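Right, one structure below, let's go through it.
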Amino acid sequence: SNSTELKHIITEFQRIALAHAEIALNLTHNESDIYRLPQSNLRQRIVHVFGKGINSNLNKLETETSIVKIKGFVGKPEHARKTSGEQFLFINNRYMRHPYFYRAVMRAYEKLLLHETYPSFFIYFDTDPNSIDINIHPTKTEIKFENEQAIFQILQSAVKEALGKTS
């Protein structure tokens, strides 16, 4: 249906917008603006995409090791929602789906979330392109990392540290 297709377009637009805050982007549907996003920094872009209410919910996340640099924002546990939709992982400014790293984030939230709630997170990985393989799925959204177990531990620790700053 038209509404389902529009929802898919908005989801893809959000992924691109969150990966490239340095670019101004607009999304128009039936001559109405859905998004009019100015060039901004990452935090401002998240606020422009998801609304001003998310700003006070975000904890900064940042860590750097020899194999990966991780930055972004994680939502405070008390603001977790009953529905998913604000969980984003990016590798070298490209959206990715990574169930293993998703699990690392969720483990960092263990015992902090109410039953069946989902925290917001916007996590950006930077690593050597030679240490990843993007050709494991036709959509190119599933990525294989050389050091997945090490990155899992680094990610989980970084999320716990970011949550610990305010919890």
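Multiplying the residue separation of residue 8 and residue 153 by 0.36 nm and subtracting their alpha-carbon distance yields 49.0 nm.
Given a cut-off of under 8 Å on Cα pairs at least six residues apart, what relative contact order in percent is computed for the chain? Walk me through the numbers before you get to the answer.
Values: 255 pairs, mean separation 35.7, N = 167.
Reported relative contact order: 21 percent.
Within the listed set 131, 66, 120, the Gaussian network model of the chain (springs between alpha-carbon atoms below 10 Å) gives the highest mean-square fluctuation for 66.
Number of Lys-Lys pairs in the stretch 1-145 with C-alpha atoms under 28 Å apart and a separation of 8 or more places or on different chains: 28. Annotation: aspartates and glutamates with alpha-carbon distance below 13 angstrom to residue 165 (same-chain offsets under eight excluded): 62. Ranked by the mean number of other Cβ atoms within 10 Å of their residues, highest first, the peptides 72-84, 51-63 fall in the order 72-84, 51-63.
A short reminder: the numbers here are calculations on the coordinates, not readings from a lab. It should be emphasised that the depicted structure is a prediction, and the values quoted were computed from it without experimental measurement. Here Cβ is always computed from backbone atoms with ideal geometry, including for glycine, and neighbour counts include all displayed protein chains.
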